[in-house]
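The values are calculated or read from the model by the stated rules, or taken from the named source; none is laboratory data. The shown structure was predicted, so the numbers you read here are calculated from the model rather than taken from an experiment. Please note: Cβ atoms are built from the backbone with ideal geometry, for glycine as well, and neighbour counts cover all protein chains shown. Ligands, DNA and RNA are stripped out before the accessible areas are found, and what is left, the full protein with its side chains, is counted by its heavy atoms. Shrake-Rupley method; radii C 1.70, N 1.55, O 1.52, S 1.80 Å.
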Amino acid sequence: MKLREVAVDIFLRSISSVHPSVLIPEAVSLDGKILRVYNTEFKIPQKIYVFGSGKASVEMAKAVEKVLGSVIKGGVVVCNYYEKLEKIDVIEGSHPIPSEKSLKAGEILLNELSKLRNDDFFIFLLSGGSSALIEKPIPPITVEDLQKTTQLLLEKSIPIEEINIVRKHLSMIKGGRLGAATKGKGVVLIISDVIDDDLFTIGSAPLYYDKSTYKDAYQILKRYNLFDKIPTTVREVILKGINEEINDTPKSENPNITHIIIGSNLKALSKCKKFAEELGFNSYIFTSMMKGESREVAHLISAIGLEVCKRENPVKKPACILFGGETTVNVKGTGKGGRNQELVLSALSDIKDTEDIVILSGGTDGIDGNTDAAGAFADSEVYKTAVEKNLNLNSYLNNNDSYNFFKETNSLIFTGKTGTNVMDITILLVGKKDDANPS
């Protein structure tokens, strides 16, 4: 097996390790009227409801149906695709830009949770993508206003935690407002797709609470020179919030709702480390909090790879060094690509034809940017193919066209929808002649 094939195998196996079909049975069990999530116990009535939102919500719901079976009274989850389930309804929302479907889904979730009584119990399945998939804007904001605002935020390469602060203050669902609308007791099971598993950021925290304010949202928009570009209705709501004409988001946690993270980037990286060690690599998790501009982060990763290759520092060869998190791309070109593909292409400009180094980066949800690929990998063979085909790396980078570069060099990674989402994984493999390519 070539080094590049090892990298792809480790990546795919790590995604499988954080699939809901694995995570839910590990976390959730039922013993009579006691529901256990790891070591936390909940006394439940005869029947419970299941709700949820996010790109992993359908697979999470499937897994919950298998564990809880007839105890489920009903419920609804919102995902970016439709699939029929046995006991839980599925509604399709829109991602990454909210649409009328997202508003309809948000309205249904809000209504269903509002119907619950004090003696009802629910499970809410939360994963990345919820911020766009469910929405109910504060009047007079329209769906078109939300779409324009969201597009402006995404184009600016703003960190997700700041984007979600703005989103929370335009919504009747986000920032704990959905949780405040229910009298029921419940537990939120979370597959985290944000740096440091920040409960205030994941899915814009629909059932948690919020530390940020309308003033924070205003300052973010001003900092990125967006306040004068967003729709008039959005400006109106933010200014009313600052003037306390609109109630701010809830500032304390609902005592009836418990949040528990069952899947994370660090958990996936830990599995990567284990798989690599089984193959004989000296493995090291560098960070699960990687962020910054993709092409700049890439230079650090490639420098580490060259250091290990030439000096076996800080890890002896053969080595597997792992990075997780989510970088950003400040899009200036007209090409096709995503943050993972851009990272790998930038790294390739450093490693070039150095042998026995592979850099792979991919999104665990199977989608990278505006492409159908999860990510890409690069090594000396990719560089040599590029030279043979007269592909100019810098031209592709400058046009943010990493997808078409890697399409030409046959080094894209395709997974399709994975049913999970714990941000991105970057794998740096450094082998050595004779033993770097395990079979």
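Taking amide H as placed 1.01 Å from N in the peptide plane, the amide H of Phe124 sits under 5 Å from that of Phe51, Val187, Val188, Leu189, each at least 5 places away or on another chain. Each peptide among 384-393, 16-25 gets the average number of other Cβ atoms lying within 10 Å of its residues, and from highest to lowest they stand as 16-25, 384-393. Whenever you get a sec, compute what percent of the accessible area on the stretch 1-144 sits on carbon and sulfur atoms (1.4 Å probe). Its accessible area is 49 percent carbon and sulfur atoms. Using +1 at the C-beta of Lys and Arg and -1 at the C-beta of Asp and Glu, which of Asn247, Ala386, Tyr284 has the Cα lying farthest in the positive direction of the dipole of the chain? The Cα lying farthest towards the positive end belongs to Asn247. Residues in the chain average 41 Å² of solvent-accessible surface per residue, probe 1.4 Å, ligands and nucleic acids excluded. Summary value for the chain: 17 percent relative contact order, contacts being C-alpha pairs under 8 angstrom separated by 6+ residues. Based on DSSP H segments of at least four residues, each scored -39500 (n - 2.57), the chain has a per-residue ellipticity at 222 nm of -11500 deg cm²/dmol.
Between Lys291 and Phe414, the C-beta separation translates, for a Förster distance of 30 Å, into a calculated FRET efficiency of about 0.75. Estimated at 0.36 nm per residue, the fully extended path between Glu253 and Gln151 surpasses their Cα-Cα distance by 33.7 nm. Take the alpha-carbon centre of the stretch 345-412, take the same for the stretch 17-85, and report the distance between them in whole Å. Measuring centre to centre over Cα atoms gives 39 Å.
Relative to the longest principal axis of the Cα atoms of the chain, the long axis of helix 265-278 lies at roughly 40 degrees. Spin-label pair Gln46-Arg13: with each label point 7 Å from Cα along the Cα-Cβ axis, the two points sit 4.7 nm from one another. Spacing of the modelled spin labels on Lys2 and Tyr81, each 7 Å from Cα toward Cβ, amounts to 2.8 nm.
Checking (1) 19.0; (2) 21.0; (3) 25.1 against mean projected area of the Cα convex hull in nm² calculated from these atoms, the matching label is (2). Computed over neighbours whose Cβ is under 9 Å from that of Val90, the net charge equals -2, Lys and Arg +1, Asp and Glu -1. The magnitude of the dipole of the chain, with charges of +1 and -1 set on the Cβ of Lys/Arg and Asp/Glu and taken from the Cα centre, is near 700 debye.
Between Lys215 and Thr334, the distance separating the two model label sites (each 7 Å from Cα on the Cα→Cβ line) works out to 4.5 nm.
Among the listed pairs Lys215/Lys291; Lys84/Lys104; Lys115/Lys185; Lys84/Lys168; Lys156/Lys229; Lys2/Lys291, give every one whose C-alpha distance is greater than 20 Å. Long pairs (Cα-Cα over 20 Å): Lys215/Lys291; Lys84/Lys168; Lys2/Lys291. Taking all protein chains together, His259, His299 sort by accessible area into His299, His259, largest first [probe 1.4 Å].
May I ask you to evaluate 6.51 cos²θ - 1.76 cosθ + 1.60, the Karplus curve with θ = phi - 60°, for each residue of the stretch 404-410 and list the ³J(HN,Hα) values in order in whole Hz, giving x for glycine and proline? Couplings: 6, 4, 6, 5, 5, 9, 6 Hz. What the phi angles of the stretch 96-109 give under the Karplus curve with 6.51, -1.76 and 1.60, with θ = phi - 60°, is a coupling list of x, 10, x, 9, 4, 5, 5, 5, 5, 5, x, 4, 5, 4 Hz, glycine and proline written as x.
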